[in-house]
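Read through the structure below, which is laid out as structure tokens, and then see the notes.
The values are calculated or read from the model by the stated rules, or taken from the named source; none is laboratory data. Given the structure is predicted, the values throughout are model-derived calculations rather than measurements. Every residue, glycine as well, gets a Cβ built from its backbone with ideal geometry; the counts of neighbours run over all protein chains shown.
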């Protein structure tokens with residue numbers, strides 16, 4: 001009985017570790033989105049995460065919500081500097097997320113200033 005319980009716990013732990021590794025390391029998609037950076041904030045009760053939004057429409061009809069991992073300090077700093085500016089975001093979409101990583105499945109990997117298509121010079 002003890003041996004069966006031990007094997008069951010080992011298999012259960014290995015399965016949980018495999019699921020976590022799959023969700024964390026295997027991206028569902030990668031891409032680029034542009035828009036006006038309207039929000040970047042650190043929020044949460046148990047685990048604080050960086051969350052943000054860009055507006056992709058003229059009237060704010062299309063909102064893209066994203067998360068930023070704590071280890072991406074240069075991205076966080078740039079997002080805080082570019083608040084209110086038109087930016088281009090490179091992201092990785094995951095199959096799912098965990099509450100300590102972020103609220104969304106979209107994780108920003110880099111950010112750059114971009115020119116708005118609405119106000120051409």
Residue list for segment 2-39, filter: under 24 Å from the mean Cα position of the chain (by Cα) and in a helix (DSSP H, G or I): 16, 17, 18, 19, 20, 21, 22, 23, 24, 25
Could you tell me which residue of segment 64-88 is farthest from the chain's Cα centre (by Cα), considering only residues that are closer than 18 Å to residue 49 by Cα and assigned to a strand (DSSP E or B)? 64
Total residues in segment 89-115, condition surrounded by 13 or more Cβ atoms within 10 Å (Cβ to Cβ) and over 18 Å from the mean Cα position of the chain (by Cα): 1
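Residue-by-condition table, conditions (1) out of contact with any strand residue (DSSP E or B) (no Cβ under 9 Å at 6 or more places or on another chain); (2) closer than 29 Å to residue 114 by Cα; (3) modelled with pLDDT of 90 or more:
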residue	(1), (2), (3)
7	yes, no, yes
12	yes, no, yes
19	yes, no, yes
23	no, no, no
32	no, yes, yes
39	no, yes, yes
48	no, yes, yes
54	no, yes, yes
58	yes, yes, no
Test set (1) in a loop (DSSP other than H, G, I, E, B); (2) under 26 Å from residue 19 (Cα atoms) - residue 109 fails condition number: (1)
Could you tell me whether residue 47 is assigned to a loop (DSSP other than H, G, I, E, B), surrounded by fewer than 14 Cβ atoms within 10 Å (Cβ to Cβ), under 11 Å from the mean Cα position of the chain (by Cα) and in contact (Cβ under 8 Å) with a residue 24 or more places away in the chain? no
Residue set 86, 106, 91; condition modelled with pLDDT of 95 or more and within 21 Å of residue 117 (Cβ to Cβ); output residue 91
Being closer than 26 Å to residue 17 by Cβ, touching a residue at least 12 places away in the same chain (Cβ under 8 Å), in a loop (DSSP other than H, G, I, E, B) and touching a strand residue (DSSP E or B) at 6+ places or on another chain (Cβ under 7 Å): is that true of residue 102 here? yes
